[in-house]
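**Q** Handing you a structure now.
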Amino acid sequence: MTEVAVRGRATRRFSAFRIVQIVVGAAVGGFIIWRLLFLVVTGQYGPEFWARILIGGLIIGAVYALIAIGYTLVYGILRMINFAHGEVFMTGTFGGYFVLEGLGAIIVDPATGTNFRDAFPVVAILVAFAVGIAVSLSVAFMLEQIAYRPLRKAPRLIPLISAIGASFFLQNLFQLIFGAQRRLYPNPTSLNAHLGLVFDINGSSVIIPYTGALTFVLAVTLMAALYTLVQRTRLGRAMRAVAEDKQTAALMGIDVDRVISQTFLISGSLAGAAAVMWGLHYGQISFFIGFTPGIKAFTADVLGGIGNIPGAMLGAMLIGLIEAIGPAVLGINPQLKDVIAFMVLVLVLLFRPSGILGEVLSEEKV
Amino acid sequence: MAENIQKGIISGLIVGVVMLLLALVGFVNTSAQIISGLMGKTVENGTPASLLVFLAIVSFFGGMFAIRAPHHIAKSWAFVVVRSALSGLASGLIVGVFTWIIGTELASKVEMRAYLNALSPDNVRVMTVDQPALLAGLTIFGLLTAVSLASGVLWHLVTLAGIGRLITGVWTDTVSEVTSNPGVQRVASSKTTRYLVYAALILTLFVLPRTFNNFIIHTLGTVGIYVLIGLGLNIVVGLAGLLDLGYVAFFAVGSFVMALLTAPFPHNLLWSFWPVVPICIGVAGAIGVLLGVPVLRLRGDYLAIVTLGFGEIIRILIKSDDMAWLTNGPKGVTNVGQPILFGQKFNSELDFFYMIVLGAMAVIFVTNRLEHSRVGRSWIAIREDETVARAMGINTWFYKLLAFGIGAAFAGLGGALVASRSLFVGPEDYTLLVSINVLALVIVGGMGSIPGVILGAFVLKGIPELLRDLDQYRVLFFGILLVVMMILRPQGIWPAQRRRLEMARDDEPVDLTQSAEGAAK
């Protein structure tokens, strides 16, 4: 008797969820197909428009990828969302900013008034990246030492709340110290935001900005380097072992605490690199800048399968493209661009919580 | 000795960096301003004397921090003197050099404010105690060293004299004597006492505010609102264990439903206040359930991010031009309707305070009944272990939805009251910060504990309202508080009985007699 009742309830619950899935899926899918057909039939946008969007999407996707890898590395090892990772990214943008400002104040040629930043742009950019990475990396390291390490054994909500606290602390610390205003990133003149390679598509010019090209190439290089590091080096092996099983890894002679620290260092340095790229390419920074990229990078992780490094890269590129294409395809106001990423997150979690490349997670992990 | 030297310098570096950050966020000047007020006359940015007093206070705690050690280690005089003196020297060096640098920059008229917000010329003048840069640096260096050493020695003397133990000893003796008295126990646990306490409490709540001025009543009302929505989130986070970071969405929905149905613009519906309140509660609850349906299969951290996303989506939608036909976009809605009772306007601060208290009491009543019912036990079971809960035949999906819906409904009530009280709703009042605020008070008070939430609301919402000078540091403080609470006392200030047992770490022995009592209840 009871057995029947229990089974009946279980089926009912299952079917309720199926109904939600089907209804939402049909609505979203139908809408997108309708919009695509509409766009194809009316031919509202020409190829030059799509080329521009593709370029923009790939560049932002590359930046998201570097942030997303930071989340994924930490999640893989600690099974926690480093909520303050967006803020780690934000601190890096400030690091690069102050370097470029400082170098801009050094006049190397009094006759023409040329400053160091414009005279030696390569050096300036390298120093900016070095300092941005150093800042983010130290913040990530201290974050782990202070806010996460004492909570290693606590229930899962506890470190997450601590991370939220740390995130708000960092955001407000930067607001109070550096002020709430937006700051313009002082690019070297040769890397001015509207300089770039110009193509001619369909009679109108499409530009690939140098900053964007730099961002994309550098991001891809860093991703390749990271992948090699994780797959080929001793540290990478140790990281994978710790991600697999902390206790066994410790028994095999791996210093787990050290590996966790190093993971935070790596994730922080990737965020720092992404931060300086962001500053150079988008040109504006403020204390609040980490929040949205942070959430979107996390979305990218979920889309690609969290804990999975190639998944993070793929997911980030997809999110970048979806975000760029979304307003046009869906025919909505670009104001609502941020909503698209969140909708993707919800849809992924509704239909495939393990993500594109993710293993099918047991319920414990989800 | 080497260890003392090392530890002393490290403490000093930490204290120095903390002071530096306090100076850079402008907290030093704000505190100096407050201290100058206490010393007789409030001077903006503080006076040199008040600044030195503030630095001395911080350094005093720095000295205390430098000589901290586990209880079982006996501190020698060398230990105390070396550590506190070195700590003072190191922190003094950092802050002194900083003072010297900013003093020099000020003298050469560098506009530091462009980069460091707190270093306005007025602030720097106070920070350098109105002296030339080098002299100021040396003064501060000397002060910090001396105070730190003195503080170390003083605390050591206090420990040697056993004054601290004397005070706490007398206190605990008295407390245990009183509480163990059978007569006192009988009276304390009797129902009559409980009802008397309730009656006195209610009487105080309704009568006492009549003597307050409007500002205090308004503040108490704000605290009450936060108690109300905090209790809603308490059901979701504290009882059912679902971390919801988008809770503000339901608050916003309550506010906007109230505003749109009662305001003359943009829809000119002009409904009266009373029937709209249940509508707000209902709509918010329904949206809670709707949003809950797709996400409640997720657990813990995933849920947190998705709900955060929802909170942002709702705010962005309310704000966007696409929805302006419904919500009036970023301009918000003005002239929200006010309650009318028996033909009389019922809209003074005091009236709203009464309504908020009534609402909060209703919410407390509902939460209390739910918590100790089948529903509440199901929530707690889900929180503890969802798989096991399901195996025990609990329909986890239904109960999670129920928690989400009820929590959202409470927020809707809070939102409706706030909208009517402040006459205006705008999308920018409903940011993530509100969610974090509410979450912080639930966590700081104690997850799953009703008195904890009330206490949390008073601590996190009431005290900052009264300390307006420190308002800009509120979020900074919240951030630190969340981290520190999680590390030192994750169960909150006033933990729920069950929570207290659960949060005990593996390495701490759990008092089994207590857990048996808890189970018996």
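**Q** Free of Cβ contacts under 8 Å to residues at least 60 places away in the same chain, closer than 25 Å to B:Leu208 by Cβ, assigned by TED's automatic domain parsing to the domain that holds B:Trp397 and of a type outside the set (D, E, K, R): is that true of B:Leu341 in this structure?
**A** yes
**Q** Here's another thing I want to ask about it. When the residues of the range B:200-245 are filtered to those that are assigned to a loop (DSSP other than H, G, I, E, B) and not hydrophobic (A, V, I, L, M, F, W, C), which remaining residue is surrounded by the most Cβ atoms within 10 Å (Cβ to Cβ)?
**A** B:Asp244
**Q** Could you give me the residue pairs with C-beta distances under 8 Å whose first residue belongs to the range B:98-112 and is under 19 Å from B:Gly142 (Cβ atoms), whose second residue is among the β-branched types (Val, Ile, Thr) and not in a helix (DSSP H, G or I) wherever it lies, and which are 6+ apart or on separate chains?
**A** B:Thr99/B:Thr128; B:Ile102/B:Thr128; B:Gly103/B:Thr128
**Q** Okay, next question. Would you point out the residue of the range A:321-344, among those that are within 13 Å of B:Phe310 (Cα to Cα) and not aliphatic (A, V, I, L, M), that is nearest to the other protein chains (Cβ to nearest Cβ)?
**A** A:Phe342
**Q** Could you grab me the full set of residues in the range A:220-243 that are more than 24 Å from A:Ala316 (Cα to Cα) and either not aliphatic (A, V, I, L, M) or not assigned by TED's automatic domain parsing to the domain that holds A:Leu143 (or both)?
**A** Residues satisfying the conditions are A:Thr233, A:Arg234, A:Arg237.
**Q** Within the range B:272-288, is even one residue in contact with a strand residue (DSSP E or B) (Cβ under 9 Å, 6 or more places away or on another chain) and not hydrophobic (A, V, I, L, M, F, W, C)?
**A** Yes, the range B:272-288 has at least one match.
**Q** Quick one: in the range B:432-465, of everything that is closer than 15 Å to B:Leu481 by Cα and in contact with an Asp or Glu (Cβ under 9 Å, 6 or more places away or on another chain), which residue is surrounded by the most Cβ atoms within 10 Å (Cβ to Cβ)?
**A** If we take residues in the range B:432-465 being closer than 15 Å to B:Leu481 by Cα and in contact with an Asp or Glu (Cβ under 9 Å, 6 or more places away or on another chain), then B:Leu439 is surrounded by the most Cβ atoms within 10 Å (Cβ to Cβ).
**Q** Moving to a separate point now. Just one of B:Val58, B:Val43 is away from chain A (no Cβ under 14 Å), without any contact (Cβ under 8 Å) to a residue 60 or more places away in the chain and not in a helix (DSSP H, G or I); which is it?
**A** Among B:Val58, B:Val43, only B:Val43 is away from chain A (no Cβ under 14 Å), without any contact (Cβ under 8 Å) to a residue 60 or more places away in the chain and not in a helix (DSSP H, G or I).
**Q** Moving on to the next point. Determine, yes or no, whether A:Arg52 is assigned to a helix (DSSP H, G or I), among the basic types (Lys, Arg), touching a residue at least 40 places away in the same chain (Cβ under 8 Å) and closer than 30 Å to A:Asp118 by Cβ.
**A** Taking the combined requirement at face value, the residue satisfies it.
**Q** Looking at this structure, is B:Thr30 crowded, with 16+ Cβ neighbours inside 10 Å and under 21 Å from B:Asn117 (Cβ atoms)?
**A** yes
One line per residue, one yes/no per condition, for (1) within 24 Å of B:Gly162 (Cβ to Cβ); (2) touching an Asp or Glu at 6+ places or on another chain (Cβ under 9 Å); (3) among the hydrophobic types (A, V, I, L, M, F, W, C):
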residue: B:Gly46; (1), (2), (3): no, no, no
residue: B:Leu51; (1), (2), (3): no, no, yes
residue: B:Phe61; (1), (2), (3): yes, no, yes
residue: B:Ile73; (1), (2), (3): yes, no, yes
residue: B:Ser76; (1), (2), (3): yes, no, no
residue: B:Gly92; (1), (2), (3): no, no, no
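**Q** In the range A:290-315, how many are more than 13 Å from chain B (Cβ to nearest Cβ) and not small (Gly, Ala, Ser)?
**A** Number of matching residues: 6.
**Q** Hey, which of the helices (runs of 4 or more DSSP H) in the range A:239-326, taking only ones fully inside, have at least 3 residues that are crowded, with 19+ Cβ neighbours inside 10 Å and either modelled with pLDDT of 90 or more or of a type in the set (A, V, I, L, M) (or both)?
**A** Answer list for the range A:239-326: A:256-282, A:291-304.
**Q** Which condition does A:Leu157 not pass, out of (1) without any contact (Cβ under 8 Å) to a residue 60 or more places away in the chain; (2) of a type in the set (A, V, I, L, M); (3) more than 14 Å from chain B (Cβ to nearest Cβ); (4) within 30 Å of B:Phe478 (Cβ to Cβ), if it passes all the others?
**A** The one condition A:Leu157 does not meet is (3).
The values are calculated or read from the model by the stated rules, or taken from the named source; none is laboratory data. A quick note: this is a predicted structure, and the numbers were derived from the prediction, not measured. Please note: Cβ atoms are built from the backbone with ideal geometry, for glycine as well, and neighbour counts cover all protein chains shown.
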